[in-house]
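The values are calculated or read from the model by the stated rules, or taken from the named source; none is laboratory data. This structure is a prediction, so every number in the text was calculated from the model and none was measured. When we count neighbours, we look across all protein chains shown, and the Cβ atoms used for this are built from the backbone with ideal geometry, even at glycine.
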Amino acid sequence: MPTEVIPARNAVGLSFALNGLLFATLVSRIPLVREHLDLGNGELGLLLLAIAAGSVLTLPTTGALIQRSSAATVVRLGAAFDACGLVLAAIGAGVAELVPLAALGLFLHGIGIGIWDVAMNVEAAEVERRLDRTVMPRFHAGWSFGSIAGAAIGIPMAAADVPLLAHFGLVAAVALSLAVLTSRSFLPAEPEPGESAGRAASAWAEPRTLAIGAMVLAFALVEGTANDWLALALIDGYDARHWVGVAGFSLFVCAMTAGRLLGPVVLDRFGRVPVLRLTAVAAVAGIALVVLGQHPLLVALGILVWGLGASLGFPVGMSAAADDRARSAARVSVVSTIGYTAFLAGPPLLGVVGDHVGTLEALLVVAVLMVPAALSASAARTGPDGGQ
């Protein structure tokens, strides 16, 4: 094993954690953002679309950007956009109380988390190939650990009414500094022989790659819905206090983390397709319990099952896209783009539904998407030619 793989593995894991930390920092204070800007659910959903817009506009070019420079360079660029956007959003919502300024900050935040996500997944796929064993879910568990930290920090911050700018500014400064420092340990950039822009573009026409992308899209939407709406759904649907809503989101992230830590063992024993189909069923059952359970224990159980169900779709999709070493960079970029578009764009659209049927009841909409996710899971099957 090359000596640089272990430091790169550790650096990639920390990069995932820092990305999750910044994302959960915003999520933990969404109720306060809504309050400061005096927004309804539909208006909040439109504001959150600024994140999606930033990512959707830049994600398609991220793969080519990585090829021209390196995953490490793109991670640093993404971290800078992410941190600066978060601080600007805090100024817009918490200080100026101006929706356009908050939207601009969220747009920059979206650019950052999008290109950062693709770059670290490309690097993670390369590390996994060199280690020659399943580790991708544990990298994504690193993202979950970062989310847990962000939510854990957010609970006392929300309970103590700490200003958004103080909260976001401190976390952003620490995360950006560490992201720049640790990315120096990434693997040296080594473009695959023959890899070209034409080959990268052709990945968008591959049926298997698009099927994996469709599966990841559904799982990403189920995960993203919890990130954006679970806390608000508990607050609006059950008249819970703000800190209880944040605690519910923290419970979801803990369950998702456990699924990603245990995932490699289960995947190696039973295979990708059965495990993905089982997690799709679990996600549906969990959402149903959260919405219909009524009793606190049933709702908490639903959150746990939902988190386990959402845990493996995205990381297994990244591994499946990287099965063929010669085409992994292009395919991981395509699948990341598809998945992250849903992760960002889908949940804000639920705000419109929430205004008509209620924030809690709107969660049932995403459960329906687990049907196509279960059907397209067969595309993730491992084969001698990358499953083709």
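Quick notes on this structure:
- Qualifying residue in the range 264-275 (condition: without any contact (Cβ under 8 Å) to a residue 40 or more places away in the chain and within 15 Å of residue 215 (Cα to Cα)): yes
- Beta carbons closer than 7 Å, at least 6 apart along the sequence or on distinct chains, pair a first residue in the range 87-114 that is assigned to a helix (DSSP H, G or I) with a second that is buried (at least 22 other Cβ atoms within 10 Å of the Cβ) and charged (D, E, K, R) for 109/82; 112/82; 113/82.
- Hits in the range 109-138 (condition: farther than 16 Å from residue 69 by Cα and of a type in the set (S, T, N, Q)): 134
- No other residue among 253, 275, 266, 246 is more than 17 Å from the chain's Cα centre (by Cα), under 22 Å from residue 369 (Cα atoms) and in a helix (DSSP H, G or I) apart from 275.
- Residue pairs meeting the criteria (Cβ under 6 Å; at least 6 apart or on separate chains; first within 13 Å of residue 146 (Cα to Cα) and among the small types (Gly, Ala, Ser), in the range 246-258; second modelled with pLDDT under 90 and in a helix (DSSP H, G or I)): 250/151
- The set of residues in the range 115-142 that are touching a Pro at 6+ places or on another chain (Cβ under 9 Å) and in a helix (DSSP H, G or I) comprises 121, 124, 130, 136, 137, 138, 139, 140, 141.
- Residues being in contact with a Lys or Arg (Cβ under 9 Å, 6 or more places away or on another chain) and basic (Lys, Arg) - total across the range 131-147: 1
- Filter result (closer than 14 Å to residue 153 by Cα, aliphatic (A, V, I, L, M) and crowded, with 23+ Cβ neighbours inside 10 Å) within the range 241-266: 246, 253
- One residue stands out among those in the range 224-240 that are in a helix (DSSP H, G or I) and among the small types (Gly, Ala, Ser): the one that is surrounded by the fewest Cβ atoms within 10 Å (Cβ to Cβ), which is 237.
- Meets criteria (surrounded by fewer than 21 Cβ atoms within 10 Å (Cβ to Cβ), in contact (Cβ under 8 Å) with a residue 12 or more places away in the chain, outside any loop (DSSP other than H, G, I, E, B) and not polar (S, T, N, Q)) for residue 42: yes
- Residues located in the range 287-301, provided they are free of Cβ contacts under 8 Å to residues at least 60 places away in the same chain and closer than 16 Å to residue 370 by Cα: 289
- Evaluating residue 368 against the criteria (1) farther than 30 Å from residue 129 by Cα; (2) touching a residue at least 12 places away in the same chain (Cβ under 8 Å) leaves one unmet condition, (2).
- Taking the range 208-223 as the range and being surrounded by fewer than 24 Cβ atoms within 10 Å (Cβ to Cβ) and either touching a strand residue (DSSP E or B) at 6+ places or on another chain (Cβ under 9 Å) or not hydrophobic (A, V, I, L, M, F, W, C) (or both) as the test, only 208 passes.
- Residue 337 vs. criteria of a type in the set (Ser, Thr, Tyr), in contact with a Leu (Cβ under 6 Å, 6 or more places away or on another chain) and either within 18 Å of residue 208 (Cβ to Cβ) or not in a helix (DSSP H, G or I) (or both): yes
- Selection within the range 300-328 - of a type in the set (A, V, I, L, M), crowded, with 24+ Cβ neighbours inside 10 Å and more than 15 Å from the chain's Cα centre (by Cα): 303, 320, 321
- Filtered residues of the range 343-367 (kept if at pLDDT 75 or above, among the small types (Gly, Ala, Ser) and buried (at least 18 other Cβ atoms within 10 Å of the Cβ)): 362, 367
- Residue within the range 243-255 that is of a type outside the set (Gly, Ala, Ser) and modelled with pLDDT of 90 or more present: yes
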